[in-house]
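Working notes, structure below.
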Amino acid sequence: NLNAVYSKVLLEELRRGGLGHVFLCPGSRCSALTAAVAASSVPHTMVTDERGAGFAAIGFARASGRPAAVVVTSGTAVANLLPATVEAAADRVPLLLLTADRPAELRDTGANQTVAQVGMLGPLRWFKDVPPPAESEPLVAWLADAAYAAACTLRQPQGPVQLNLQYREPLAPSAAAWPAALLEAPRVASWLASSSPF
């Protein structure tokens, strides 16, 4: 489905941009990204505690000099990343925070696991509230956001970057038709044919 396609493309671009390891805290809203990580060649570790995952990612990044990512589901899971975000900013550690979120139309509606994730974490080197995958949302936008996010973690001063990824249902990476034309857009096709970052 679209969530799976966009998540795989995002992860591949982050890998090309230098991502060294992903710390996964699985949940319903981040299931497409979790499945993309599990099926990829990117080293990853499952962690049951979001706060611990944030600090594990900092440890990896400090030891390797490469960005590490933390994947969390929507809701209060994101709040648990604040201590690691503050430390990564203060110590200039390259950290990618990949937070799953409800789409904008479900915010402020009383839907469960909905908290105001936009602006929750700081200080960040860069933040993007990424619109959900949709046939009307060009895949090139997700590529560009991933490329910029990876670059921002490494640019001086290094530090934390958050991509707040909105996902609509179906959340599981189930089979569903999607337009192949998404992959045929000139810049996307060129990216697919290479192994270089976007």
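Listed by first and then second residue, the pairs with beta-carbon distance under 9 Å, at least 6 apart or on different chains, first residue in the stretch 143-170 and modelled with pLDDT of 95 or more and β-branched (Val, Ile, Thr), second open to solvent by less than 10 Å² (accessible area, probe 1.4 Å) and in a loop (DSSP other than H, G, I, E, B), are THR153/LEU19; THR153/PRO67; THR153/VAL93; THR153/PRO94; THR153/GLY159; VAL161/PRO67; VAL161/PRO94. Go through SER196, SER174 for me and flag whichever is farther than 12 Å from VAL5 by Cα and of a type in the set (S, T, N, Q). On inspection, the qualifying residue turns out to be SER196. Which residues, counting only those in the stretch 107-121, are touching a strand residue (DSSP E or B) at 6+ places or on another chain (Cβ under 9 Å), of a type outside the set (Val, Ile, Thr) and open to solvent by 20 Å² or more (accessible area, probe 1.4 Å)? Within the stretch 107-121, ARG107, GLY119, MET120 meet the criteria. Scanning the stretch 175-191 turns up one or more residues that are modelled with pLDDT of 95 or more and within 20 Å of the chain's Cα centre (by Cα). Listed by first and then second residue, the pairs linking a residue in the stretch 3-21 that is on the phi > 0 side of the Ramachandran plot to a residue that is assigned to a helix (DSSP H, G or I), with Cβ atoms under 9 Å apart and 6 or more places separating them unless they lie on different chains, are GLY18/ALA150; GLY18/ALA151; GLY18/THR153; GLY18/LEU154.
Checked against the criterion of being out of contact with any Phe, Trp or Tyr (no Cβ under 9 Å at 6 or more places or on another chain) and either modelled with pLDDT under 85 or acidic (Asp, Glu) (or both), the candidates ASP91, ASP101 yield just one match: ASP91. State which residue pairs qualify: first residue over 22 Å from SER174 (Cα atoms) and in contact (Cβ under 8 Å) with a residue 12 or more places away in the chain and inside the stretch 31-53, second residue in a loop (DSSP other than H, G, I, E, B) and small (Gly, Ala, Ser) in any location, beta carbons under 8 Å apart, and separation of 6 or more residues or different chains. Pairs found: PRO43/GLY20.
Within the stretch 122-133, being modelled with pLDDT of 90 or more and surrounded by fewer than 15 Cβ atoms within 10 Å (Cβ to Cβ) holds for one residue alone: PRO123. When you look at SER28, is it open to solvent by 10 Å² or more (accessible area, probe 1.4 Å), in a loop (DSSP other than H, G, I, E, B) and either within 24 Å of LEU192 (Cα to Cα) or touching a residue at least 24 places away in the same chain (Cβ under 8 Å) (or both), yes or no? So SER28 fits the description; yes. Looking only at residues of the stretch 46-82 that are of a type outside the set (Gly, Ala, Ser) and within 15 Å of the chain's Cα centre (by Cα), we find that the one that is surrounded by the most Cβ atoms within 10 Å (Cβ to Cβ) is VAL70. Restricting the first member to the stretch 179-198 and to residues that are surrounded by 14 or more Cβ atoms within 10 Å (Cβ to Cβ), and the second to residues that are in a loop (DSSP other than H, G, I, E, B) and not aromatic (Phe, Trp, Tyr), the beta-carbon pairs closer than 6 Å and six or more apart or on different chains are PRO197/GLY17.
Among what's in the stretch 78-108 and is of a type outside the set (D, E, K, R) and part of a strand (DSSP E or B), pick the residue that is farthest from ALA151 (Cα to Cα). Among them, the one singled out is ALA100.
The values are calculated or read from the model by the stated rules, or taken from the named source; none is laboratory data. Remember, it's a predicted structure, so these values are computed and weren't measured experimentally. Note that we place each Cβ from the backbone using ideal geometry, even for glycine, and neighbour counts take in every protein chain shown. Accessible surface areas use protein heavy atoms only, side chains included; no ligands, DNA or RNA. Shrake-Rupley method; radii C 1.70, N 1.55, O 1.52, S 1.80 Å.
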